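The structure appears below as structure tokens.
The values are calculated or read from the model by the stated rules, or taken from the named source; none is laboratory data. All of these numbers come straight from a predicted model, not from anything done at the bench. For neighbour counting, all protein chains shown are included, and Cβ atoms are generated from backbone atoms with ideal geometry for every residue, glycine included.
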Amino acid sequence: MTSSATARARARRQLQPAGEASVPTIQPRRREDSGSHLRVVPPQPVRRRSNVSRATLVVFTLTIFTIGVIVFQATIAEQQLRLDALTKDLRLAESHYDNLRQERAELLSPSRLREEAVMMGMYQGLSTKFVEVSPEVVAEVMSSTAKMNPLFADPPAGVASAGAIARIQPVEGANRP
């Protein structure tokens, strides 16, 4: 189209009343002297592509949804395999722990300890005799061995409650012959 034809089309659109269609209809002009084989074709109704676009959108959405479900299922399967492996490891660890407890119980059983003592040349005493040790002797021994082992410097509560610790202080401060 030439610039003059464009200007004429704009002028026609501006002169149209508001109630008419938004697409202007062009009336063909007939020139008697022009031997042109060109003619103006009236506009065809616009075909809507929205049906094709909607169908494409639906197919695309379903495809994305299907891919998402597949990825989700694959992730679940992978996590299930990991969980199964951890469960298997846990069962093996529990079994090993139970075996170690059984072995410890057998090693600490009185009959086995008795057999080991006999093999080392020990024998069972015929009678039991308890000897009482005075608290002063206990305090003296504890003060002399306190530098050897930190357990003696801070004895357990059973030893402290027996009264031996209370007498350590005067013995340590006293002059020895």
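Quick check: is even one residue across region 76-90 hydrophobic (A, V, I, L, M, F, W, C), part of a helix (DSSP H, G or I) and in contact with a Lys or Arg (Cβ under 6 Å, 6 or more places away or on another chain)?
no
Go through region 22-63 residue by residue and tally those that are exposed (fewer than 10 other Cβ atoms within 10 Å of the Cβ) and modelled with pLDDT of 70 or more.
9
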